[in-house]
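We did not get these values from a lab; they are worked out from the coordinates using the rules stated. Keep in mind it's a predicted model, so treat the numbers as computed, not measured. Ideal geometry is used to build each Cβ from the backbone, glycine not excepted, and the neighbour counts take in all protein chains shown.
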Amino acid sequence: RGFVEAEMKEAKPQDKFQFFRHGYFNVDTKYSKPGAPVFNQVVSLKSSFQLPAAE
């Protein structure tokens, strides 16, 4: 579960999106319904960010 912009309710099957810092997603053709899209993660994003080591 998550929160997205209200306009995402208009997403159509096979539309593709990048969700900030999470990866690339497309709209599921089987489980999506008008006004209630289901997003499948296609590619995750790898982060190289690391916290500095404690001294």
Residue 6 to residue 40: extension gain in nm, 0.36 nm per residue of separation minus the Cα-Cα distance?
-> 10.4 nm
Hey, got a sec? Which trypsin sites (Lys or Arg not before Pro) in segment 3-45 land in a DSSP loop and have at most 10 other Cβ atoms within 10 Å?
-> 21, 30
Which loop GluC sites (Glu not before Pro) in segment 1-44, with loop taken from DSSP, have no more than 14 other Cβ atoms within 10 angstrom of their Cβ?
-> 5
